[in-house]
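**Student:** Take this structure first; my questions come after.
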Amino acid sequence: MKNLESRRARYLQDALPIRLGGLAANLSRIASFSKHAGSQPVVADIFLESRWFIEWTALELEILQAAELVELQINLALWDFESRQSWNDESWRSALANQSMQWSQRVLDISGLLKAA
């Protein structure tokens, strides 16, 4: 990711719920892009960006929520690693899409953005 420090500074300007909403959106993008075999490079970038988003956000959460995000961060690293071998396997990508959508919903729940609507 280019210019990581400026990305971090920009990301941290938003309120915590908005940042979590951005992470949830990234997870939803992973699900969407996983439907297309040619989108592996884009998904790899989203994996990395999402791991940074968690790194920059988890300390501001309650401990149990932070632990969930750390679990997600580990999953993102594993998905990234597995994608290098399994990306062309449509069933693997489908499972990735399902898991990332579940995580997207969970992060959205943690954000509280849906409660405010």
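**Student:** If r is the Cβ-Cβ distance from Arg10 to Arg84 and R0 is 41 Å, what FRET efficiency results, to the nearest 0.05?
**Tutor:** Working: r = 29 Å, r/R0 = 0.71.
According to the calculation, E is roughly 0.90.
**Student:** Can you tally the net charge around Lys115? Count Lys and Arg as +1, Asp and Glu as -1, for every other residue whose Cβ sits under 15 Å from the Cβ of Lys115.
**Tutor:** 0
**Student:** If you don't mind, there's one more thing I want to ask. With only Lys, Arg, Asp and Glu charged, each at its Cβ (+1 for the first two, -1 for the last two), find how big the charge dipole of segment 4-111 is about the Cα centre; round to the nearest 20 debye.
**Tutor:** Values: 10 positive and 14 negative charges, 61 e Å.
It comes to approximately 300 debye.
**Student:** Also: Around Leu61, with a cut-off of 11 angstrom between Cβ atoms, what is the net charge of the other residues, counting Lys and Arg +1 and Asp and Glu -1?
**Tutor:** Once all neighbours under 11 Å are counted, the net charge is -2.
**Student:** How much mean residue ellipticity at 222 nm does the chain get from its helices, if each DSSP H run of length 4 or more adds -39500 (n - 2.57) and you divide by all residues, to the nearest 500 deg cm²/dmol? Working shown, then result.
**Tutor:** Values: 6 runs with 95 residues, N = 117.
Only helices count here, giving -27000 deg cm²/dmol.
**Student:** Quickly work out the Leu59-to-Ile18 label distance, labels modelled 7 Å from Cα along the C-beta direction, and quote it in nm with one decimal.
**Tutor:** 2.1
**Student:** Out of segment 21-108, which GluC sites (Glu not before Pro) are coil in DSSP terms and have no more than 11 other C-beta atoms within 10 Å?
**Tutor:** When the GluC sites (Glu not before Pro) of segment 21-108 are filtered for loop state and at most 11 Cβ neighbours within 10 Å, Glu62 remain.
**Student:** Still on this structure: Quick one: Val107, Val43, Val70, fewest Cβ neighbours within 10 Å first, how do they rank?
**Tutor:** Val70, Val43, Val107
**Student:** Okay, moving on. Please state the relative contact order of the chain as a whole percent: Cα pairs under 8 Å, 6+ residues apart?
**Tutor:** Result for the chain is 40 percent.
Read the figures in this text as sums done on the coordinates, not as results from a lab. What you are looking at is a predicted structure, and each value in this text was computed from that prediction instead of being measured. Every residue, glycine as well, gets a Cβ built from its backbone with ideal geometry; the counts of neighbours run over all protein chains shown.
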